[in-house]
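Asker: Sharing a structure with you now.
The values are calculated or read from the model by the stated rules, or taken from the named source; none is laboratory data. Since the structure is predicted, the reported quantities are computational estimates derived from the model, not experimental observations. Cβ atoms come from the backbone with ideal geometry, glycine included; neighbour counts cover every protein chain shown.
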Amino acid sequence: MLTSSAEVEYRSLANCVSELLWIKQLLDEVGISVSKTPVVWCDNSATVSVAENPTHHARMKHVTIDHHFVRENILAGLLQVNFVPSTQQIADVLTKPITPKHFAFFRCALRVMSFSEIEVQKSNKPGEC
C-alpha cells in the first residue's frame, strides 16, 4: 500500500518515463531522431528530489524498482526530471477547476486561440500581425 502522495507521484513518474522511452524508441525505429533529451515536468518537489537523489530513501521503500528504473534512465542521460509549480502545470487545465485567469494562461501556453483572436487574425491583411 502506498503511504504518501510522493510515492503515488513517483509511481506515476515511472509509468510516464516508461511511456516516454517507448515513444522515443518508436520514433527512432521509423527514422525520426529526437536530438534533445526529453524533460518530464513534475509538480511534486518530493518526487523530483527522490528522482534526482541517488540515495535510496527509507520512506520510499515500496517503490524501489520504480526508483531504480527512473534513476538509471536519468543517469544514462535518456531524460531529465524537473520541477514545475502547480500553478504552471499545463495538464491541470484538463483535470482541475481553474480561474479564468489561469485558463487564459494555460490556453496561451498550449497555443490555443480564442474565437475573438481568430476573428482578429482573419481580418488582418496578409503580412500584418
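Asker: Is it the case that some residue within the stretch 16-25 is at pLDDT below 85 and either assigned to a helix (DSSP H, G or I) or not small (Gly, Ala, Ser) (or both)?
Answerer: no
Asker: Exactly one condition in (1) outside any helix (DSSP H, G or I); (2) touching an Asp or Glu at 6+ places or on another chain (Cβ under 7 Å) is false for Arg11; which is it?
Answerer: (1)
Asker: Checking Ala51 against (1) surrounded by 15 or more Cβ atoms within 10 Å (Cβ to Cβ); (2) out of contact with any strand residue (DSSP E or B) (no Cβ under 6 Å at 6 or more places or on another chain); (3) modelled with pLDDT of 80 or more; (4) not charged (D, E, K, R): exactly one of these is not met. Which one?
Answerer: Here Ala51 meets the rest and fails (2).
Asker: On to the next question. Asp43: at pLDDT 85 or above and within 22 Å of Asp92 (Cβ to Cβ), yes or no?
Answerer: Here the answer is yes, as Asp43 does meet what is asked.
Asker: Which numbered condition in (1) part of a helix (DSSP H, G or I); (2) modelled with pLDDT under 85; (3) hydrophobic (A, V, I, L, M, F, W, C) is the only one that Ile74 fails?
Answerer: All conditions are met except number (2).
Asker: Report yes if some residue within the stretch 27-44 is under 18 Å from Pro85 (Cα atoms) and among the small types (Gly, Ala, Ser); otherwise report no.
Answerer: Looking for residues that are under 18 Å from Pro85 (Cα atoms) and among the small types (Gly, Ala, Ser), one finds none in the stretch 27-44, hence no.
Asker: Residues in the stretch 19-38: is at least one under 18 Å from Ile90 (Cα atoms) and among the aromatic types (Phe, Trp, Tyr)?
Answerer: No - not one qualifying residue is present in the stretch 19-38.
Asker: Could you tell me whether any residue of the stretch 96-116 is at pLDDT below 80, under 26 Å from Glu9 (Cβ atoms), over 22 Å from the mean Cα position of the chain (by Cα) and not β-branched (Val, Ile, Thr)?
Answerer: Among the residues of the stretch 96-116, not one is at pLDDT below 80, under 26 Å from Glu9 (Cβ atoms), over 22 Å from the mean Cα position of the chain (by Cα) and not β-branched (Val, Ile, Thr), which makes the answer no.
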